[in-house]
Amino acid sequence: MTDLLNPARAALPAVLSPARPGEPLLGAFAALRGDIDALLARIGGVLLRGFEVPGVDAFRAFAAAFGHPLLAYEFGSTPRSAVGGGVYTSTEYPAHQRIPLHNEQAYTREWPMKIWFHCVTAAPEGGETPIADSRAIWRQMPDAIRRRFAPGVLYVRNYGEFDVPWQQVFNTDRRDEVEAWCSRSGVRFEWKPDGNLRTTQLCQATAVHPRSGETVWFNQAHLFHVSNLPPEVRESLEELLGADEMPRTACFADGSAIPDAMLDEVRAVLDAQTVSFRWQAGDVLMLDNMLAAHARAPFKGPRKVVVAMAEPHGNLDQDLSR
């Protein structure tokens with residue numbers, strides 16, 4: 001059966017549940033595949049609830065059954081731990097922190113088309129994974145903002161003490177491997193005198209879905225920009241490091257600063273389109289990563305949600321500087 005968690009707000013996510021409670025999710029794959037594909041293309045997200053998922057291995061096998069190898073988490077912007085076989089922990093930020101809405105790796109020019117979340121342990125309080133329709137976000141974004149962002153977003157990262165170390169981001173401690181990866185991926189790099197790394201990359205602010213042809217809002221300017229930091233942290237870091245050495249920031253394509261007020265408008269649109277649901281242990285949420293963005297609410301108590309990603313897609317061959 002198909003149901004909606006938020007019928008008054010939006011169709012996202014569609015819900016698929018078993019004809020008999022406790023049916024193994026992997027065993028139901030063949031029967032579910034057609035509905036999942038159709039709902040994912042139309043709605044952007046499907047919540048599989050009430051199925052038996054006995055462990056991470058079963059979740060991994062279900063995600064892999066869609067036919068694409070599960071991806072390694074490369075050029076990551078947040079700390080995660082590998083569970084194994086292409087499955088990772090969700091972002092390891094402190095429980096009291098909120099992770100804003102975003103499409104996975106929209107700060108790069110290659111990203112996964114599909115992403116799965118599996119709730120192993122639901123937090124007793126909070127810990128939801130809010131989601132939103134990226135098509136609706138683009139439609140509701142003020143025209144002036146869409147025009148200003150159209151040339152793209154320039155992301156600058158300074159790795160080191162105040163951000164994820166470059167060795168963890170690139171899964172290597174060899175500079176030549178980092179340089180080769182950056183060259184392949186259109187990322188400008190600079191080794192600083194202290195041995196740390198700065199990268200700069202011009203990426204898309206919006207994107208066109210390769211199958212549906214729909215335009216989506218697709219960037220992480222509001223996460224990378226210094227206005228995402230708590231005011232006291234921002235003030236301390238700017239005083240300590242200076243504007244050029246902030247751990248990460250986002251600029252307009254020409255390198256000019258994005259005003260805080262403009263990103264406040266962006267965040268207001270994101271908030272207006274966000275829907276949320278309470279996790280239940282055993283849930284699996286599957287998103288089309290271009291059609292649906294995701295976030296994380298603060299939580300208390302134990303929480304374990306694992307993630308898998310697949311089907312790389314991007315615009316590495318396009319010249320965004322024109």
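The values are calculated or read from the model by the stated rules, or taken from the named source; none is laboratory data. All values reported here derive from a predicted model rather than from experimental measurement. Here the Cβ is made from the backbone with ideal geometry for all residues, glycine too, and neighbour counts use every protein chain on show.
Within the range 306-317, is there a residue that is within 17 Å of GLN204 (Cβ to Cβ), without any contact (Cβ under 8 Å) to a residue 40 or more places away in the chain and either surrounded by fewer than 18 Cβ atoms within 10 Å (Cβ to Cβ) or in contact with a Leu (Cβ under 6 Å, 6 or more places away or on another chain) (or both)?
So far as the range 306-317 goes, yes, one or more of its residues are within 17 Å of GLN204 (Cβ to Cβ), without any contact (Cβ under 8 Å) to a residue 40 or more places away in the chain and either surrounded by fewer than 18 Cβ atoms within 10 Å (Cβ to Cβ) or in contact with a Leu (Cβ under 6 Å, 6 or more places away or on another chain) (or both).
Got a number for residues in the range 237-270 being at pLDDT 95 or above, over 16 Å from the mean Cα position of the chain (by Cα) and more than 18 Å from CYS203 (Cβ to Cβ)?
7
Among the residues of the range 76-92, is there at least one that is at pLDDT 95 or above, under 25 Å from the mean Cα position of the chain (by Cα) and part of a loop (DSSP other than H, G, I, E, B)?
no
Give the residues of the range 215-245 that are in a loop (DSSP other than H, G, I, E, B) and either in contact with a strand residue (DSSP E or B) (Cβ under 7 Å, 6 or more places away or on another chain) or aromatic (Phe, Trp, Tyr) (or both), sorted by residue number.
Once the filter is applied, which keeps residues that are in a loop (DSSP other than H, G, I, E, B) and either in contact with a strand residue (DSSP E or B) (Cβ under 7 Å, 6 or more places away or on another chain) or aromatic (Phe, Trp, Tyr) (or both), the range 215-245 yields PHE218, ASN219, GLN220, HIS225.
Looking only at the range 162-175, count how many residues are acidic (Asp, Glu) and touching a residue at least 12 places away in the same chain (Cβ under 8 Å).
1
State the number of residues belonging to the range 184-202 that are touching a Lys or Arg at 6+ places or on another chain (Cβ under 7 Å), buried (at least 16 other Cβ atoms within 10 Å of the Cβ) and assigned to a loop (DSSP other than H, G, I, E, B).
Of the residues in that region, 1 qualify.
Could you list all residues from the range 106-128 that are touching a Ser or Thr at 6+ places or on another chain (Cβ under 8 Å) and either of a type in the set (Val, Ile, Thr) or more than 12 Å from ARG303 (Cα to Cα) (or both)?
Passing the criteria: TYR107, THR108, ARG109, GLU110, PHE117.
Of all residues in the range 141-174 being part of a helix (DSSP H, G or I) and either modelled with pLDDT under 95 or assigned by TED's automatic domain parsing to the domain that holds ARG296 (or both), which is nearest to ALA243 (Cα to Cα)? Let's see the steps before the verdict.
Applying the first criterion (part of a helix (DSSP H, G or I)) to the range 141-174 yields 143-149, 166-169.
In the following step, the residues that additionally are either modelled with pLDDT under 95 or assigned by TED's automatic domain parsing to the domain that holds ARG296 (or both) were identified as 166-169.
Details: TRP166: 20, GLN167: 24, GLN168: 24, VAL169: 22 Å.
The extreme case among them is TRP166.
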